[in-house]
Amino acid sequence: HEGPGHAAQFVLGHLVWRVDLVVKIQGRTHQGHHRRARAQEIAAVDHIPGSELAKTVVLNADGQLIMAVLPADHIIDMEVMKSRIGCRKLSLASASEFAERFAPCRPGAMPPFGRLFGVTVFCDRALAEKREIEFNAGTHIDTIRMPFSEFAQLETPIFTDFSEKATGKRRLSAA
């Protein structure tokens, strides 16, 4: 039985093969690192600024899954995000809400390419200011670094301002 999960695994496997090929041909950096759960920890260990590591956060906006892509050293202001995208209800999506859609990826390690999964991507303008970004490649072990302009051309995200730099103070927001 070859259901949607099988198809998604095939597509992601093909994507990983293509990304590895592009990395080899164009000389992009493809990092491997030990399993870590937090984007800021990945940035620290890989010696890159948190502002260059793109974290992908899956949200539930009025019952629809969306991706928010922002610098790892930023947090989402949920009220601003809700206003910017024009939804009534916005929350972090639980793993049970998105696990099947992103089946080939480890939870919390989805690459910022929503079009692979049929999900709209909103990209914070703070990330768009960076020349290059690095992001998880579907696992907590691998990251890919590429020029931001290429990411924007491949994904064509919706650009808006919805995050603020993390201060370490605890507040109601998506991290």
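All of the numbers you see were taken from the coordinates with simple rules; none came from a lab. Because the structure is a prediction, the values reported are computed rather than measured. Every residue, glycine among them, receives a Cβ derived from its backbone with ideal geometry; neighbour counts consider all protein chains shown.
For the stretch 59-79, the count of residues that are under 14 Å from the mean Cα position of the chain (by Cα) and in a helix (DSSP H, G or I) is zero. Of all residues in the stretch 112-121, those satisfying the criterion of being in contact with a helix residue (DSSP H, G or I) (Cβ under 8 Å, 6 or more places away or on another chain) and assigned to a loop (DSSP other than H, G, I, E, B) are Pro112, Phe113, Phe117. Considered as a group, the residues in the stretch 122-143 that are touching a Pro at 6+ places or on another chain (Cβ under 8 Å) and surrounded by fewer than 21 Cβ atoms within 10 Å (Cβ to Cβ) include one that is nearest to Ala61 (Cα to Cα), and that residue is Ala126.
Of all the residues in the stretch 102-119, those that are without any contact (Cβ under 8 Å) to a residue 60 or more places away in the chain, surrounded by fewer than 19 Cβ atoms within 10 Å (Cβ to Cβ) and over 16 Å from Ala152 (Cα atoms) number 3. Of the residues in the stretch 99-110, none is assigned to a loop (DSSP other than H, G, I, E, B) and under 19 Å from Thr160 (Cα atoms).
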